[in-house]
Structures are given as structure tokens and as C-alpha cells.
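Worksheet: the structure to be examined is printed underneath.
Where a number appears in this text, it was derived from the coordinates with a stated rule and is not lab data. These numbers come from a predicted model, not from an experiment. Every residue, glycine as well, gets a Cβ built from its backbone with ideal geometry; the counts of neighbours run over all protein chains shown.
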Amino acid sequence: MDEKQYEEIVRGRLSEKRFQHSRNVAKAAQELAALNGVDPQKARLAGILHDIMKEAPPEEQLKIMDDSGIMLTDVERSAPKLWHAMAGAAYLRDVLGIDDQEILDAVRYHTTGRAHMSLLEKIVFVADFISDERDYEGVRELREAARHGLQDAVMAGLIFTIQDLSQNQKPIHPDSFDAYNAEVLARGNQ
Ligand code: DGI
Ligand code: FE
Ligand code: FE
């Protein structure tokens, strides 16, 4: 299947708004890939696919994860917003037959991040924050930062997420913390 065919599958699973978000993430991912020596086609594809399960009913997401042998931790079970990333990667692999592990991982970790992310994983993680339709306070600065270096944008995204979750007393996935610590240590902070 080529990108257009995958795009049509995604279109069929998402509202118009969420589909446009996915296209914008694909575009941002393509741009970041070109700046970072990553295959832009691959980044585009990961971007278009990243939220494929975002609007599936929770029971369907749980079933896909169950069918593909994913065991949820307590934190994962308690945070349905995390499911679409795990279920998305499982769906891409087990239903659509995508076997590119780099794309599967970029989808799997696009919400939490994780320690030692590949460039493609970082690109999708950041593209999700800076896509054209995003308009939160500071998004212009983050877009600019992302163009100059992926690391600072990854760090900013992790700080934003962890701050927001802790402020609202939400559970924080260990992968989010591990991603944050890995970035901090890579900078030599202590
Ligand atoms: O799918 P999108 O809306 O485009 O963006 P996303 O996949 O980054 O999802 C963002 C949501 O996920 C946002 O409401 C915060 C939540 N989230 C991200 N990391 C964590 C988390 N929620 C919990 N409970 N724990 C996390 O570590
Ligand atoms: Fe998402
Ligand atoms: Fe998204």
C-alpha cells in the first residue's frame, strides 16, 4: 500500500477535524525529517498514521490491545488517553500489516515519549505539538525551536506534558518520566 491508500484508511476512521490534524502532523514531520537527515516519506507516513485509533471506541481499543497481547499496567488502564498510541501501533502491525518497526515505535510512543527515542520517534512526538492547527500559548516559539533543534523541542514538550498532568493530579506514565530523565541526562544536568 502507498501513502495515499493509508491516508484514505485513516480518513475513514477519523472525524474531518482529527484527519486534518493528522495531515498537519504529517506535514510537520516531513519538514522536521528533512532538517534532521531522516527519510521524509517515512516521517510523513508515521505522521498520517499516528492517531489512527484516536476516535475508536474505548472497547475497540482495548480489544485490539488484548488481541495483540498487550498487558496494561495500572497507570495505562487508568489513562484512556494513552490507549490510542498503543492500540494504534498494534492495529498498524496486526491489521494493516505494517512491519516497519521504526514507524510502529513512532506511533507507539508519540503520546508519552520514551527514553532514548530514535530521531523518527522524536520527530513525530514534536510534530504532534507544532502541527499547523495547534494554537496554544507558546506554540510559535516551539515551532521556531523545533526548526533549530529537535532536542529542545522534545524537552519543551515533555516539560509541558508532565507539568500539565501533575497540575491536574493525573497519572504520569513511566515512559514520560524516562523520556524526561534521558533528555536531562543527555544535557549533562544533575
Ligand atoms: O492525540 P493528540 O491529542 O494529538 O495528542 P497526544 O497523543 O499527545 O495526546 C495528548 C493527551 O495525552 C493529553 O491529554 C495528555 C495525555 N498524556 C500524555 N502523556 C501522558 C498523558 N496522560 C497521562 N495520564 N499520562 C501521561 O504520561
Ligand atoms: Fe495522539
Ligand atoms: Fe496527534
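Observations on the model:
- Residue order, fewest to most beta carbons within 10 Å, for M155, M71, M117: M71, M155, M117
- Rounded if a/c under 1.5, otherwise prolate or oblate - segment 49-123, Cα gyration tensor axes: oblate
- Length-normalised contact order for the chain - Cα pairs under 8 Å, 6+ apart - percent: 22
- Stretching the chain fully between L165 and R77 yields a gain of 30.1 nm (0.36 nm per residue, less the alpha carbon separation).
- Our helix-only sum for the chain, with -39,500 (n - 2.57) per DSSP H run of n ≥ 4 divided by its residues, gives a mean residue ellipticity at 222 nm of -21000 deg cm²/dmol.
- Modelled FRET efficiency - R0 30 Å, D2 with A186, Cβ distances, 0.05 increments: 0.25
- Looking at segment 63-154, the GluC sites (Glu not before Pro) that sit in a DSSP loop and have at most 16 other Cβ atoms within 10 Å of their own Cβ are E133, E137.
- Helices assigned as whole DSSP H runs in the chain whose Cα atoms extend at least 20 Å along their own long axis and whose mean Kyte-Doolittle hydropathy is 0.0 or higher are found at 150-167.
- Set K42/K81; K27/K170; K17/K63; K4/K170 screened for pairs whose C-alpha atoms are more than 27 Å apart: K27/K170; K4/K170
- Size descriptors for the chain (Cα atoms only): Rg and Dmax, in that order, 15.7, 47 Å.
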